[in-house]
Amino acid sequence: MYIKPVITEKSLSSAKEGKYTFVVKCSLTKHQIRLLIQDAFNVHVTKIATANRKREVKRTYRGQRQMTPATKKVIVSLKEGESIDLFKSKN
C-alpha cells in the first residue's frame, strides 16, 4: 500500500483540527496523493502539504550500516465536517 498513517501525539492533536498526517512513496505527486486518499477514505481533500525525507544511514547493534528508505510526509486537510476514523482518539 502507498499510504501509511502517522500516529503520534502531535498528529492526533492536529487531526482534531482536520489535518491528517501520512507517509507515502517519494515518487507520488500531490494530485496522485489526493486521488489515493479520496478513494481510500471516501473524503474530500482541500489542501495538501508535502515534505521530503532523505534516506539515512543507521547503524545496527553489530555496527553494520543500514539504509532507511527515502519517504515523503504528507499533511492533508479535509473538507469541513469530514474526518478519518483512524485518527480518532478514545479520550
Boolean, Glu82 is surrounded by 13 or more Cβ atoms within 10 Å (Cβ to Cβ) and either in contact (Cβ under 8 Å) with a residue 12 or more places away in the chain or of a type outside the set (A, V, I, L, M) (or both): yes
Verdict on Ala40 being small (Gly, Ala, Ser) and assigned to a helix (DSSP H, G or I): yes
Members of the range 15-32 found to be of a type in the set (Lys, Arg) and in a loop (DSSP other than H, G, I, E, B), listed by number: Lys16, Lys25
The range 64-76 residues that are modelled with pLDDT of 95 or more, paired with ones that are of a type in the set (Gly, Ala, Ser) and not in a strand (DSSP E or B) (beta carbon under 8 Å, 6 or more apart): Ile75/Ser14
Members of the range 33-63 found to be at pLDDT 95 or above, surrounded by 12 or more Cβ atoms within 10 Å (Cβ to Cβ) and among the polar types (S, T, N, Q), listed by number: Thr46, Thr50
Single condition Gly81 does not satisfy, out of (1) on the phi > 0 side of the Ramachandran plot; (2) within 12 Å of the chain's Cα centre (by Cα): (2)
Filtered residues of the range 15-32 (kept if surrounded by 16 or more Cβ atoms within 10 Å (Cβ to Cβ), farther than 11 Å from Ile84 by Cβ and not β-branched (Val, Ile, Thr)): Leu28
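The values are calculated or read from the model by the stated rules, or taken from the named source; none is laboratory data. Predicted model only: the values in this text are computed from it and were never measured. Using ideal geometry, Cβ is built from the backbone for each residue, glycine included, and neighbour counts are taken over all protein chains shown.
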